[in-house]
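Asker: Provided herewith is a single structure, encoded as structure tokens, for subsequent inquiry.
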Amino acid sequence: MHTRILMSASAAFLAMLGLAALFLPQELLIYAGSSPAGFPLLVIQVSGALYLGFANLNWMARGVLIGGIYSRPLAMGNFLHFSIVTIVLAKTLSATTLFPLVACGIAYAIFAVWFGLVMFTHPLAYTSGDAKGLGK
């Protein structure tokens, strides 16, 4: 399985969300119908920093062998993040159908499934190597 594509794509997605949360927190809160000041503003910016940190982690680990027992904490962290946010967005989408939330929900679901496959399968089974699947 080509985890370089997965890690690069997830890093770009998380960086986009993190930059938006850091540099447009008031606009995001206004769009959500909340007060653009006080504690919610702080939470959005702290979340943006967390997203950027996770994006940086994924970007720097894009060349690492991931799956099975290899880089399990990295795969587990990503799997949990994307799975839990998918569930939360699905619950939220049952009450509203805002297009940005639907788009984010679909993206999160794709990443959750992809990281689940990486997490629970052996990475060498997908390489193009010899007949035993041992790679080069």
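The values are calculated or read from the model by the stated rules, or taken from the named source; none is laboratory data. Being a predicted model, the structure only gives us computed values, none of them experimental. Using ideal geometry, Cβ is built from the backbone for each residue, glycine included, and neighbour counts are taken over all protein chains shown.
Asker: Restricting to the stretch 1-18, give me the number of residues that are in contact with a Gly (Cβ under 7 Å, 6 or more places away or on another chain) and at pLDDT 95 or above.
Answerer: Total meeting the criteria: 1.
Asker: Answer yes or no as to whether L74 is within 12 Å of the chain's Cα centre (by Cα), within 30 Å of H2 (Cβ to Cβ) and modelled with pLDDT of 90 or more. Walk me through how you get there before you give the answer.
Answerer: Details: within 12 Å of the chain's Cα centre (by Cα): yes; within 30 Å of H2 (Cβ to Cβ): yes; modelled with pLDDT of 90 or more: yes.
Yes: the conditions hold for L74.
Asker: Let me ask something additional. For the stretch 13-39, which residues satisfy the criterion of being surrounded by 13 or more Cβ atoms within 10 Å (Cβ to Cβ), over 22 Å from the mean Cα position of the chain (by Cα) and under 21 Å from G105 (Cβ atoms)?
Answerer: S34
Asker: Let me ask something additional. G48: modelled with pLDDT of 95 or more, in contact with a Pro (Cβ under 8 Å, 6 or more places away or on another chain) and surrounded by 15 or more Cβ atoms within 10 Å (Cβ to Cβ), yes or no?
Answerer: Values: modelled with pLDDT of 95 or more: yes; in contact with a Pro (Cβ under 8 Å, 6 or more places away or on another chain): yes; surrounded by 15 or more Cβ atoms within 10 Å (Cβ to Cβ): yes.
Answer is yes for this residue.
Asker: Okay, moving on. More than 11 Å from the chain's Cα centre (by Cα), part of a helix (DSSP H, G or I) and over 17 Å from I5 (Cβ atoms), is that true of A103?
Answerer: Details: more than 11 Å from the chain's Cα centre (by Cα): yes; part of a helix (DSSP H, G or I): yes; over 17 Å from I5 (Cβ atoms): yes.
For A103, the condition - more than 11 Å from the chain's Cα centre (by Cα), part of a helix (DSSP H, G or I) and over 17 Å from I5 (Cβ atoms) - is met.
Asker: On to the next question. Within the stretch 84-103, which residues are of a type outside the set (A, V, I, L, M) and surrounded by fewer than 18 Cβ atoms within 10 Å (Cβ to Cβ)?
Answerer: Keep residues of the stretch 84-103 that are of a type outside the set (A, V, I, L, M), which gives 86, 91-92, 94, 96-97, 99-100.
K91, T92, S94, T96, T97, F99, P100, listed by residue number.
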